[in-house]
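Taking it in order: structure first as structure tokens, then the write-up.
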Amino acid sequence: MKVLSGKRIVLGVTGSIAAYKSVELASTLTKSGALVDTILTEAASKLISPLSFSAVTGRRAYLDSNLWQQEEHVLHVELGERNQAFLIAPATANTIAKLAHGLADNLLTLAALASRTNIAVAPAMDGGMYSHPATQENLAVLGSRGVLIWGPGTGHLASGLSGKGRLLEPGDLVGHLRQLLGKDGPLQGKKVVVTAGGTEEPIDPVRVLSNRSSGKQGYALAQAVLDAGGEVVLISAPTCLKPPVGATLIQVRTASEMARAVLAETEGADLLIMAAAVADFRPQTRSEQKIKKDEGGQTLALERTDDILQLVAARKKEQSCGPRIVIGFAAETEDLLANARIKLESKDLDLIAANDVSRSDAGIGVDQNQVTLLWKDGRIKDLELMPKSGIAEALIREAAELLV
Ligand code: CTP
């Protein structure tokens with residue numbers, strides 16, 4: 001996660017039982033290269049030790065007592081000023097109320113008041129406290145001042161009740177931070193459409209024709225777009241993956257549903273990246289009822305689906321509308337570069353990522369990938385074998401260059 005690398009993040013932790021989840025959040029951020037300074041309120045320190053945080057961050061975790069130590073008399077100013085993000089997670093109703101009224105009676109609220117960056121709060125409390133007019137008004141005040149409010153989620157609460165008030169999961173908070181820290185990136189103001197997953201063509205109500213695509217490369221690309229400050233619409237065939245925080249997800253099943261969504265979403269878009277494995281054929285007929293084994297024949301009659309990239313190219317040519325830059329993938333098991341170049345030309349692409357899908361350590365279904373990039377102008381570049389997130393970051397860097 002390059003977007004988090006080297007970033008100074010102040011993590012405020014207040015007295016909600018969800019405070020234990022913040023250790024995982026601090027750990028994930030640290031593993032991604034962020035420098036996390038934790039401030040615990042007194043109530044938080046009753047639930048969790050500052051040691052838990054310093055152990056995972058390798059940095060100090062502060063308590064109110066640090067405020068009054070001689071050598072750290074401007075600690076709150078230092079913590080408030082020298083950060084790129086200031087997140088309070090979990091944020092209790094009490095701390096939210098203090099922030100709304102500008103109270104500064106502990107190290108966390110002092111540092112928050114001194115902070116030059118936008119503060120984000122992730123509320124966590126019982127449903128009744130969350131829906132109380134006082135809390136709602138306080139949140140509205142914070143929102144009107146530009147404080148970012150992430151969550152809360154809905155579900156099981158520590159009180160045993162179910163409702164709105166759960167701290168967002170650490171992974172979601174990381175997603176919000178990525179979007180926040182990436183917002184001034186090279187794709188700022190750009191609309192990007194990414195497709196992902198393998199489409200499904202129904203045979204009958206329970207059977208489909210599909211492929212082994214996991215969608216991982218497309219989802220990683222959507223995340224990389226957000227990290228680079230872009231707006232992303234993720235058009236996804238069925239996958240088991242969670243869309244990145246901040247992506248607009250459009251779920252589709254078939255190639256023709258994907259084609260419709262791509263044409264609609266790319267009309268005013270800057271960039272289209274077709275990472276989906278789109279079915280080239282679909283059954284000629286779809287049975288309304290489940291086909292019984294005694295009545296099913298041994299031959300399935302198929303017909304061609306539309307080539308989505310060719311539809312996009314044709315519209316661009318005829319109506320001069322559509323994405324400025326188009327990037328495709330070529331899934332090949334032989335003659336990788338020659339076949340990729342044919343696709344680059346026939347689909348009128350600006351760039352194609354050629355993927356040798358016969359490898360077992362890269363490509364379809366696995367976490368790693370290895371691609372060769374081929375540009376319209378003849379340039380060619382091999383990317384080494386790396387996680388799909390790394391491939392996505394590299395591809396997005398190249399895409400940003402094309403958009404300049
Ligand atoms: N693609 C598309 N519409 C299709 C099939 C593929 O837009 N009906 C896109 C893919 O998303 C990818 C590129 O075209 O970006 C190349 O897809 P690939 O499966 O490698 O090749 P095909 O064009 O399907 O050709 P073939 O299966 O013969 O290799």
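Throughout, read-outs are computed from the coordinates displayed, never taken from laboratory work. Fair warning: this is a prediction, and the values are worked out from it, not measured in the lab. With ideal geometry, Cβ positions are generated from the backbone for all residues, glycine too; neighbour counts draw on all protein chains shown.
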Between the range 216-236 and the range 245-265, the Cα center-to-center distance that results, in Å: 13
Ranked by GNM mean-square fluctuation in the chain (Cα springs under 10 Å), the top entry among 330, 34, 301 is 301
For the chain, the dipole about the Cα centre with charges only on Cβ (Lys and Arg +1, Asp and Glu -1), to the nearest 20 debye, works out at 300
Of 186, 123, 133, the most mobile residue in a GNM of the chain (C-alpha springs, cutoff 10 Å) is 133
Where the centroid of each part is defined by its Cα atoms, how far is the range 333-404 from the range 278-295 in Å? 33
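Taking loop as defined by DSSP and a crowding limit of 13 other beta carbons within 10 Å, which trypsin sites (Lys or Arg not before Pro) in the range 140-193 fit? Please report the intermediate quantities before stating the final value.
Values: sites: 145, 164, 166, 178, 183, 190, 191; in loops: 145, 183, 190.
The qualifying sites are 145.
How long are the semi-axes of the equivalent ellipsoid of the chain, taking √(5λ) for every eigenvalue λ of the Cα gyration tensor, in whole Å from largest down? Can you show the working numbers first?
Details: eigenvalues 429, 121, 70 Å².
Square roots of five times the eigenvalues give 46, 25, 19 Å.
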To the nearest 20 Debye, how big is the dipole of the range 104-232 about its Cα centre, given +1 on the beta carbon of each Lys and Arg and -1 on that of each Asp and Glu? 260
Could you tell me which residue out of 289, 268, 254 lies farthest along the dipole of the range 248-292 toward its positive end? Charges go on the beta carbon: Lys and Arg +1, Asp and Glu -1, centred on the Cα centre. 289
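State the Kirkwood hydrodynamic radius of the range 180-237 in Å, one decimal place, computed from all pairs of distinct Cα atoms.
12.6
Just to verify a number: FRET efficiency for residue 281 and residue 342, C-beta to C-beta distance, R0 = 30 Å, to 0.05? It would help to have the intermediate numbers written out before the result.
Working: r = 19 Å, r/R0 = 0.65.
Efficiency for this residue pair is about 0.95.
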Considering the convex hull of the alpha carbon atoms of the range 1-97, report its projected area averaged over all viewing directions, in nm², one decimal. 6.0
Ranked from highest to lowest mean number of other Cβ atoms within 10 Å per residue, what is the order of the peptides 153-163, 16-26? 16-26, 153-163
Under a point-charge model restricted to the Cβ atoms of Lys and Arg (+1) and Asp and Glu (-1), what is the dipole moment magnitude of the range 8-181 relative to its Cα centre, in debye to the nearest 20? 380
Between residue 68 and residue 149, what length in nm is gained on full extension when 0.36 nm per residue of separation is reduced by their alpha carbon distance? 26.1 nm
Built amide H within the under 5 Å cut-off of residue 119, gap 5+: 148
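For a footprinting-style exposure proxy, rank 194, 206, 404, 77 by other Cβ within 10 Å, fewest first.
Details: 194 30, 206 10, 404 5, 77 14.
Least crowded to most crowded, the residues run 404, 206, 77, 194.
Once the convex hull of the C-alpha atoms of the range 88-163 is built, how many Å³ does it hold per residue, rounded to a whole number? Don't skip to the answer; put the middle values down first.
Details: hull volume 6.2 nm³, N = 76.
Considering the Cα atoms of the range 88-163, their hull volume per residue is 81 Å³.
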Over all alpha-carbon pairs of the range 281-397, lay out the pair-distance distribution in 10 Å bins, whole %, shortest bin first. 12, 32, 28, 19, 9, 1
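What's the Cα-based Rg to Rh of the range 8-181, Rh via Kirkwood? If you can, show how the numbers build up before the last one.
Values: Rg = 14.8 Å, Rh = 15.8 Å.
Checking Rg against Rh, the ratio lands at 0.94.
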Given q = 0.10, 0.14, 0.15, 0.18 Å⁻¹, what are the Debye log10 I(q)/I(0) values for the range 170-289, with equal point scatterers placed on the Cα positions and solvent ignored? -0.33, -0.59, -0.66, -0.87
Over the chain, with a Gaussian network built from C-alpha contacts below 10 Å, which listed residue (188, 84, 289) shows the highest mean-square fluctuation? 289
